[in-house]
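Have a look at the structure below before the remarks.
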């Protein structure tokens, strides 16, 4: 297999807060040029991982490398090469949009005023407006535009489309995809909207309880999962070579969402292809597929 | 040469089909229906990304697959075009379209709740019938 270049590599990464784990033994590699969805319930470690990758928070253990460097507030070249958008999208509400752009230009050597102005023109956001007078959707667009105009190699976006109406959300995601098409930036974004994941992401990382439970290419994920169902109150053991992620029983039968590790041919089970959303949801429900005593990383490696 | 063929992609995220496959299928249908013809240019990746919310990597992936199938070809610096070979060499096109038709049929059959065993049985029956006709 070709060694793909990676933009983010974590090995046994820990983040310990006073009484809880923000992230526990997180090992993952994110290849370059992808649009990666970071999915998980609130408190599962998404923001923790993004903040550490942006150099805003120090790991408690393990190693983290971003674009081959160890991120910290002092890593200057990473500050230029990485764009981070906080969940709270901090903006100066009394500034005009044009002033925000000049502020961005002064602070970022790699800034492109053309990129910034083109994006805002496409979105019909006047440069003269005061930030505080813009709608929530427009403020999100301005915050993302400031991030994109830096032309970073890696964009770390913490719930960039949260709390936006459907049209604003669609505009924001298109803006982001246009940037990816033009510059080839890698993107890691956290989200709760599984439909966005299916639309724009080609790599998914699922976090649950501070652990990574799934991390792979979306196409690979879809190809290696199936729904097996059977009618009747059968206790029939599922075929060998599969890992059950989620099981649902009804009065009429059983339905299993499984990861298929070996080809099987057991005609007693009906086999269906789940959508990416169904698969991610199954992992979110179960937290971790460690029924057979293995952890997610081992399963991951075993599946390759 | 038609620079802007009227091809508008759409994605169905509930279909269970990978997004790149859906694009491939839509181009294939456009070619077989005559909407796209030899030498027509496919929309640029940037145009597609502006048109629908999709990852540009997915569009690249779909265009590579179309090239692999001999339906389109990339011309350096110009874009991706429907290839004239897609008519000249019907074997490849015919074969891939038959494969696709079968895959589509299997998906439809599964949606209709037909299980794998019945699908295999239907296939065996059809093959037997074909043999009967030949002999």
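The values are calculated or read from the model by the stated rules, or taken from the named source; none is laboratory data. What you see is a predicted model, and the numbers here were worked out from it, not measured in a lab. Please note: Cβ atoms are built from the backbone with ideal geometry, for glycine as well, and neighbour counts cover all protein chains shown.
For segment A:192-214, the count of residues that are away from every other protein chain (no Cβ under 14 Å), assigned to a loop (DSSP other than H, G, I, E, B) and under 30 Å from residue A:171 (Cβ atoms) is at least one. Residues in segment A:246-287 that are within 11 Å of chain B (Cβ to nearest Cβ) and in contact with a strand residue (DSSP E or B) (Cβ under 6 Å, 6 or more places away or on another chain) were compared, and the one that is farthest from residue A:229 (Cα to Cα) is A:279. With respect to (1) under 23 Å from the mean Cα position of the chain (by Cα); (2) farther than 30 Å from residue A:111 by Cα; (3) in contact (Cβ under 8 Å) with a residue 40 or more places away in the chain; (4) surrounded by 22 or more Cβ atoms within 10 Å (Cβ to Cβ), the lone exception for residue A:286 is condition (4).
Residues of segment A:224-266 that are assigned to a strand (DSSP E or B), touching a residue at least 40 places away in the same chain (Cβ under 8 Å) and within 32 Å of the chain's Cα centre (by Cα): A:225, A:226, A:227, A:228, A:229, A:243, A:244, A:245, A:246, A:259. Filter segment A:141-167 for residues that are more than 25 Å from residue A:66 (Cα to Cα) and assigned to a helix (DSSP H, G or I) and give the result. Matches in segment A:141-167: A:141, A:142, A:166, A:167.
With the condition kept exactly as written, say whether any residue in segment A:72-80 is away from chain B (no Cβ under 14 Å) and buried (at least 21 other Cβ atoms within 10 Å of the Cβ). There is at least one residue in segment A:72-80 that is away from chain B (no Cβ under 14 Å) and buried (at least 21 other Cβ atoms within 10 Å of the Cβ).
Per-residue answers, yes or no, for (1) in contact with a helix residue (DSSP H, G or I) (Cβ under 9 Å, 6 or more places away or on another chain); (2) within 22 Å of residue B:56 (Cβ to Cβ):
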{"site": "A:34", "(1), (2)": "yes, yes"}
{"site": "A:39", "(1), (2)": "yes, yes"}
{"site": "A:46", "(1), (2)": "no, no"}
{"site": "A:51", "(1), (2)": "no, no"}
{"site": "A:61", "(1), (2)": "no, no"}
{"site": "A:71", "(1), (2)": "yes, no"}
{"site": "A:87", "(1), (2)": "yes, no"}
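Filter segment A:162-189 down to the residues that are away from chain B (no Cβ under 12 Å) and under 24 Å from residue A:134 (Cα atoms) and list them by number. Steps first, answer last, please.
So in segment A:162-189, the residues away from chain B (no Cβ under 12 Å) come out as A:162-165, A:168, A:188.
Of everything in segment A:162-189, those that are away from chain B (no Cβ under 12 Å) and under 24 Å from residue A:134 (Cα atoms) turn out to be A:162, A:163, A:164, A:165, A:168.
Does residue A:117 count as within 14 Å of chain B (Cβ to nearest Cβ) and surrounded by fewer than 17 Cβ atoms within 10 Å (Cβ to Cβ)? No: the conditions fail for residue A:117.
For segment A:105-127, check the following and say yes or no: at least one residue is outside any helix (DSSP H, G or I), out of contact with any helix residue (DSSP H, G or I) (no Cβ under 8 Å at 6 or more places or on another chain) and in the same structural domain as residue A:197 (by TED's automatic domain parsing). Yes, that holds for at least one residue.
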